[in-house]
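In what follows, a single structure is set out as structure tokens and then discussed.
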Amino acid sequence: MPFLGIAFVASTVISLTAVLQYAGLVDAKENPIGLIGFISFLLFPFAALGVVVLGWVCLVERRPLATIGLGGAHRTRTFLSGLLVGVGMVMAIVGGIWIAGGFHMAAFGRAFYSPISLGSIAILLVCFALQSSMEELLFRGWMLSAITAKFGVVLAVVLSSLVFNLLHFDSRANWIFVTNVFLFAVFACCWVIRTGNVWDVMGWHGGWNWLLAVGFELRVTALDTHVPALLVKLTPVGPDYLTGGIQGPEGSILCTSALTCGIAYHLARARRKWRYCPSGLETSVPAGGVNSNMEAGTGPCV
């Protein structure tokens, strides 16, 4: 499953990014060029990734989409609540770095002086929501459930998180960023396992990426959107371990602390016993209860 997941990414994200390089929308280091480049980079490769993953689940594995976390009620509300959590976590991390002396404030809300910039930021919200959702669909939806069915949840969390880390590898990154990418994946896994769906995590991941990219004129995973700050322009002035350096706040020790606390939170809230079905990840109910997915006939839990 991990190798198949890498093949999905290679056949879509990596190959289409190469096409965007040829078209002059992405540079040789895979950094988007301009707003059109950034939009193209977020939309086309990751939309293709989503089509491949959904096609594999529906046509090859022939299992319901609920088994990869796309079930549940109030999906839009769940997605939006997750997005707000992502925005809140980013504000807490960036605010903590600022208070600790890692950032210098330059200006407030520069984007509001430019309607074009506000429009660009709104478009990027949609683009980041799609990009992040497709990553969650692959790693915490399909891969986590598939490995869990064969090898158990612990190995599934570790393997899917390691693959996520591998595909976000950056030779310029320090050990803090590498650690944080792994913790980011583990946090998302814990959330999905606790809730039984990926809608929250899709929104959280999208809100996280979007606000980092447009809120403070800082980098998100070493990428710069080159749009005026929506909230406040911040300039890094502290050491890299505090500010994150070229990677942005995701390479900061405050990000490490926030993700660690988030993992602990979800583990603490996992008060019910979880069971897993051959067809994917399922939520169990208290002793004597009935599993809704068993009731629907998706297969017996083990």
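The values are calculated or read from the model by the stated rules, or taken from the named source; none is laboratory data. In this text the structure is predicted, and so the values were computed from the model without any measurement. Positions of Cβ are generated from backbone atoms using ideal geometry, with glycine treated the same way; all protein chains shown enter the neighbour counts. Heads up: the accessible areas ignore ligands, DNA and RNA and are worked out on the full protein's heavy atoms, side chains in. Shrake-Rupley method; radii C 1.70, N 1.55, O 1.52, S 1.80 Å.
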Check on A48, free of Cβ contacts under 8 Å to residues at least 60 places away in the same chain, of a type in the set (A, V, I, L, M) and loosely packed, with under 15 Cβ neighbours inside 10 Å: no
Residue count for the range 32-42, restricted to those that are out of contact with any strand residue (DSSP E or B) (no Cβ under 6 Å at 6 or more places or on another chain) and either under 20 Å from V198 (Cβ atoms) or not in a helix (DSSP H, G or I) (or both): 2
Qualifying position, being open to solvent by less than 10 Å² (accessible area, probe 1.4 Å), of a type in the set (A, V, I, L, M, F, W, C), in a helix (DSSP H, G or I) and in contact with a His (Cβ under 9 Å, 6 or more places away or on another chain), among A188, A156: A188
Matching residues, the range 222-261, being closer than 15 Å to L183 by Cβ, of a type outside the set (S, T, N, Q) and not in a helix (DSSP H, G or I): G244
Of all residues making up the range 194-218, the number that are assigned to a loop (DSSP other than H, G, I, E, B) and either of a type in the set (F, W, Y) or surrounded by fewer than 21 Cβ atoms within 10 Å (Cβ to Cβ) (or both): 2
Residue satisfying condition, being open to solvent by less than 20 Å² (accessible area, probe 1.4 Å) and either within 27 Å of V153 (Cβ to Cβ) or touching a residue at least 12 places away in the same chain (Cβ under 8 Å) (or both), within set S40, S11: S40
Some residue of the range 43-54 being of a type in the set (A, V, I, L, M), farther than 24 Å from G196 by Cα and out of contact with any Pro (no Cβ under 6 Å at 6 or more places or on another chain): yes
Only listed residue being within 20 Å of V13 (Cβ to Cβ), out of contact with any Gly (no Cβ under 8 Å at 6 or more places or on another chain) and open to solvent by 10 Å² or more (accessible area, probe 1.4 Å), chosen from S161, S171: S171
Residues of the range 86-131 satisfying the condition of being touching a Ser or Thr at 6+ places or on another chain (Cβ under 6 Å), open to solvent by less than 70 Å² (accessible area, probe 1.4 Å) and not in a helix (DSSP H, G or I): G102, A106
Qualifying residue in the range 161-171 (condition: in contact (Cβ under 8 Å) with a residue 60 or more places away in the chain, β-branched (V, I, T) and touching a Pro at 6+ places or on another chain (Cβ under 9 Å)): yes
Cross-chain or 6+ apart pairs with Cβ under 6 Å, the range 192-219 first and over 23 Å from S160 (Cβ atoms), then acidic (D, E) and crowded, with 24+ Cβ neighbours inside 10 Å: none
Residue match in the range 134-144 (condition: open to solvent by 30 Å² or more (accessible area, probe 1.4 Å) and within 22 Å of G248 (Cα to Cα)): no
